[in-house]
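Peer 1: Sharing a structure with you now.
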Amino acid sequence: MSGTEVAAWRARLPEAFAPPPRRRLWRALVAAAFLAWLGWALAQFGFTPARLWQGLSGLAAILRLMLPPSPGALWGDILRGLAESVAMALLGTVVAALLALPLGFLGARNLVTATLLRFSIRRLFDGFRGIDQLIWALAYVRAVGLGPLAGVLAIATADIAVLAKLYAEAIEAVERRQVEGVAAAGGGWAERLRFGVLPQVLPVMLAQALYFFESNTRAAAILGVVGAGGIGLQIAERIRVRAWDEVAFIILLMIVTVAAIDWLSAWLRQRLIGGRR
Amino acid sequence: MLELRGLTRRFGTVVAVDAVSLAVPAGQMLGIIGRSGAGKSTLLRLVNRLVEPSAGQVLHDGVDVTALHGRALRGWRRDCAMVFQQFNLVQRLDVLTNALLGRLAYQHGLRRARVLLTGGFPAAERARALAMLNRFGLLAVALQRAETLSGGQQQRVALCRALLQAPRLILADEPIASLDPANARLVMQALREANRAEGISVLVNLHHLETARAYCDRIVAMQAGRVVFDGAPSELDAARLRAIYGLTEAELAAEAEAAAARPAMA
Ligand SMILES: Nc1ncnc2c1ncn2[C@@H]1O[C@H](COP(=O)(O)OP(=O)(O)OP(=O)(O)O)[C@@H](O)[C@H]1O
Ligand SMILES: [Mg+2]
């Protein structure tokens with residue numbers, strides 16, 4: 001294509017070759033504003049190359065102290081803490097799922113025709129979802145004291161709203177025909193829920209609860225740091241006395257546990273959801 | 001006797017069923033034909049109150065069905081079993097439990113609570129359901145999930161569910177439209193048998209006039225929500241048909257075939 005042809009096309013449709021000057025100026029301004037904000041934010045947090053370098057070398061020192069990992073003298077405490085974390089996650093998830101079940105039914109558009117009730121329940125779910133597990137843990141530690149009960153309550157409270165929302169969505173996706181079959185046979189609302197809706201949604205609900213259990217075993221480790229029971233307490237104590245080799249050992253154990261639970265739950269979910277043609 | 005009086009149902013501006021009055025004597029087998037959208041499904045669903053009427057009444061042996069609610073409505077739905085074109089089985093439940101759903105409305109008080117809680121039915125009910133499944137050649141698949149069955153098998157399960165309701169009336173909404181000829185014959189014969197042997201009234205929506213002629217005592221033709229023909233099968237000859245629909249029987253059948261081939265029109 002010759003230069004004159006190119007020029008001709010450029011004259012005909014200039015926007016196809018470069019954005020108009022107005023837009024270019026606009027883009028430059030946005031980019032400059034973003035860079036200025038980034039620089040200011042980094043300065044605010046004391047983000048200097050020197051501190052970054054210091055931090056990295058500090059991390060390297062810790063990593064060196066971690067090797068080789070060692071169980072230390074308190075094997076039993078570590079295992080008990082780990083088991084406690086898993087138990088907290090399981091119990092918290094089970095409690096959340098049991099409470100989310102009726103709430104999910106109440107929040108489902110195809111079941112609850114009272115729009116105001118359903119709407120307020122849905123907004124309540126949204127509100128609860130904005131509060132993190134750790135905040136709940138801090139609150140419950142004050143309310144019921146140190147220990148795993150606070151952890152279980154924190155996990156359950158944080159998950160109820162999310163699970164209820166997911167459950168409501170699963171219920172809204174049920175096939176109406178199957179429920180109608182139960183209604184046509186003379187089933188009342190209880191029968192329609194039990195035999196028409198529940199068989200359709202239960203596997204999905206169980207699978208979601210399992211997924212939450214997985215992520216809660218990871219989260220439960222941190223709860224101990226604020227005193228809500230579990231392995232987190234053991235880690236916090238050892239960091240305080242700089243027993244980094246024991247910290248490393250606990251972290252390795254946690255990785256193995258979480259991986260095992262992930263694998264088990266993935267297998268279970270597969271079995272629950274699968275089985276369709 | 002089932003009696004419809006000025007039964008009307010509007011959906012927005014569409015009048016799906018328009019002032020239909022019919023009297024169906026007990027023990028009659030009534031075929032309802034009509035083109036797609038004529039209001040056949042809506043008519044049947046008005047009878048068991050899956051759809052509420054905009055105006056008019058349904059009476060059964062003098063009882064105003066349109067005024068029933070709660071337990072009485074459940075009782076009425078138990079008495080008029082429904083067979084759907086798409087079977088409407090609960091896919092994840094096994095065949096036996098799907099059949100047993102026909103016995104749900106017979107469980108009261110403590111037994112109802114137990115069934116709801118455990119999902120398990122009393123042994124006597126199970127035995128009754130197994131006998132029914134056996135009658136329709138379904139014993140071998142009784143413990144399989146409904147979703148693993150072929151369409152013909154599923155419709156037979158739906159028939160078992162309907163008959164286990166020990167109904168006085170069966171409403172069948174295009175029960176054979178998604179079936180192969182052999183299963184279609186089996187289902188129509190079973191409806192005929194229930195009608196003849198047990199005196200159950202049958203209201204059946206059909207695409208094919210030919211099928212209606214072969215099995216029904218009386219034929220009602222609908223057009224745009226209204227009843228435009230009501231009489232013996234022999235009266236609905238080619239001339240009458242042309243006068244009503246402006247089509248020959250073959251053209252009507254071809255149109256129905258095309259409508260049935262469209263996926264999942266309820
Ligand atoms: N739930 C609904 N909401 C809105 N319109 C509806 C509803 N059910 C039926 N209709 C309308 O009512 C009219 C009659 O529908 P109906 O399903 O009774 O016809 P039909 O004779 O059974 O047709 P087909 O042979 O296609 O099954 C149609 O125009 C349909 O669009
Ligand atoms: Mg229809």
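Peer 1: In the stretch B:64-98, what residues drop by 50 Å² or more of accessible area when the other protein chains are put back, versus the chain on its own? Use 1.4 Å, and skip ligands and nucleic acids.
Peer 2: B:Arg74, B:Arg77, B:Asn88, B:Val90, B:Arg92
Peer 1: In degrees from 0 to 90, rounded to the nearest 10, what is the angle of the helix B:109-118 Cα long axis to the longest principal axis of chain B?
Peer 2: Rounded to the nearest ten degrees, it is 80.
Peer 1: In terms of the Cα gyration tensor, with a ≥ b ≥ c the square roots of its eigenvalues, is the stretch A:1-41 rounded because a/c is under 1.5, prolate because a/b exceeds b/c, or oblate?
Peer 2: On the way: a/c = 7.25, a/b = 3.79, b/c = 1.91.
Because a/c hits 1.5 or more and a/b exceeds b/c, the stretch A:1-41 counts as prolate.
Peer 1: Run the numbers for A:Gln54 and A:Ser2: contour at 0.36 nm per residue of separation, minus the present Cα-Cα distance, in nm. List each step's numbers first, then the result.
Peer 2: On the way: separation 52, 0.36 × 52 = 18.72 nm, distance 5.86 nm.
Gain in length upon complete extension: 12.9 nm.
Peer 1: I've got another one for you. Counting only other residues whose beta carbon sits under 12 Å from that of A:Ser70, what net charge do I get with K and R as +1, D and E as -1?
Peer 2: Numbers: positive: A:Arg238; negative: A:Asp245, A:Glu246.
Residues near A:Ser70 contribute -1 overall.
Peer 1: Assuming R0 = 56 Å, what is the FRET efficiency of A:Leu124 and B:Asp237, from their Cβ-Cβ distance, to the nearest 0.05?
Peer 2: Once the sixth-power term is evaluated, E becomes 0.30.
Peer 1: Which net charge results when you count Lys and Arg as +1 and Asp and Glu as -1 among the other residues whose beta-carbon is under 12 Å from that of B:Ala129? Let's see the in-between values first.
Peer 2: Numbers: positive: B:Arg103, B:Arg126, B:Arg128, B:Arg135, B:Arg161; negative: B:Asp94, B:Glu125.
Summing Lys and Arg as +1 and Asp and Glu as -1 gives +3.
Peer 1: On a C-alpha basis, how far is the centre of the stretch B:140-213 from the centre of the stretch A:39-68 in Å? Whole number, if you could?
Peer 2: 75 Å
Peer 1: At most 11 other Cβ atoms within 10 Å and a DSSP loop assignment: could you name the trypsin sites (Lys or Arg not before Pro) in the stretch A:57-111 that fit? It would help to have the intermediate numbers written out before the result.
Peer 2: Numbers: sites: A:Arg64, A:Arg80, A:Arg109; in loops: A:Arg109.
For trypsin sites (Lys or Arg not before Pro) across the stretch A:57-111 that sit outside H, G, I, E and B with at most 11 neighbouring Cβ atoms in 10 Å, the list is empty.
Peer 1: Given R₀ = 60 Å, FRET efficiency for B:Leu139-A:Leu74 by Cβ-Cβ distance, to 0.05? Walk me through the numbers on the way to the answer.
Peer 2: On the way: r = 62 Å, r/R0 = 1.04.
Plugging the Cβ-Cβ distance into 1/(1 + (r/R0)^6) gives 0.45.
Peer 1: Per residue, how many Å² of accessible area does the stretch A:1-41 show with a 1.4 Å probe? Spell out each step's value before the answer.
Peer 2: On the way: 3810 Å² over 41 residues.
Per-residue value: 93 Å².
Peer 1: Starting from the Cα gyration tensor of the stretch A:139-183, take the square roots of the eigenvalues, sort them a ≥ b ≥ c, and report rounded, prolate or oblate (rounded when a/c is under 1.5, otherwise prolate if a/b is larger than b/c, else oblate). Walk me through the numbers on the way to the answer.
Peer 2: Numbers: a/c = 6.38, a/b = 4.17, b/c = 1.53.
Prolate shape, in that a/c is at least 1.5 and a/b is the bigger ratio.
Peer 1: Next question. How big is D for the protein assembly as shown, in µm² s⁻¹ as a whole number, if Stokes-Einstein is applied with the Kirkwood radius of its Cα pairs at 20 °C and 1.002 mPa s?
Peer 2: Details: Rh = 29.0 Å.
D = 74 µm²/s.
Peer 1: Would you tell me the mean number of C-beta atoms belonging to other protein chains that fall within 10 Å of each C-beta in A:172-181, as a whole number? Spell out each step's value before the answer.
Peer 2: Numbers: counts 0, 0, 0, 4, 2, 10, 10, 2, 7, 13.
Average per residue, whole number: 5.
Peer 1: Sum up the charges of everything whose Cβ sits under 14 Å from the Cβ of A:Ile231, counting Lys and Arg as +1 and Asp and Glu as -1, but leave A:Ile231 out. The partial results should precede the final answer.
Peer 2: Working: positive: A:Arg80, A:Arg218, A:Arg238; negative: A:Asp77, A:Glu84, A:Glu237, A:Glu246.
Result for the local shell: -1.
Peer 1: Now for a different question. With labels modelled as points extended 7 Å from the Cα through the Cβ direction, what inter-label distance (nm, one decimal) is found for A:Val144 paired with A:Gln44?
Peer 2: With each label placed 7 Å out from Cα toward Cβ, I get 3.8 nm.
Peer 1: If you don't mind, another one. Give the separation of the Cα centroids, the stretch A:165-224 to the stretch A:123-164, in Å.
Peer 2: Distance between centres, Cα-based: 22 Å.
Peer 1: I need the calculated FRET efficiency for the pair A:Ala36 and A:Leu13, taking r as the beta carbon distance and R₀ as 56 Å, to the nearest 0.05. Mind dumping the intermediate values first?
Peer 2: Values: r = 35 Å, r/R0 = 0.63.
Between A:Ala36 and A:Leu13 the formula returns 0.95.
Peer 1: With the crude spin-label approximation of a point 7 Å out along Cα→Cβ, what separation in nm comes out for A:Leu98 versus A:Ala114?
Peer 2: Computed distance between label sites A:Leu98 and A:Ala114 equals 2.5 nm.
Peer 1: At what distance in nm do the modelled label points of A:Leu67 and B:Asp61 sit from each other, each positioned 7 Å from its Cα along Cα→Cβ?
Peer 2: Between A:Leu67 and B:Asp61, the label points sit 8.9 nm apart.
The values are calculated or read from the model by the stated rules, or taken from the named source; none is laboratory data. Computed from a prediction, not measured in an experiment: that's the story for all the values here. When we count neighbours, we look across all protein chains shown, and the Cβ atoms used for this are built from the backbone with ideal geometry, even at glycine. Only protein heavy atoms, including side chains, enter the accessible area calculation; ligands, DNA and RNA are left aside. Shrake-Rupley method; radii C 1.70, N 1.55, O 1.52, S 1.80 Å.
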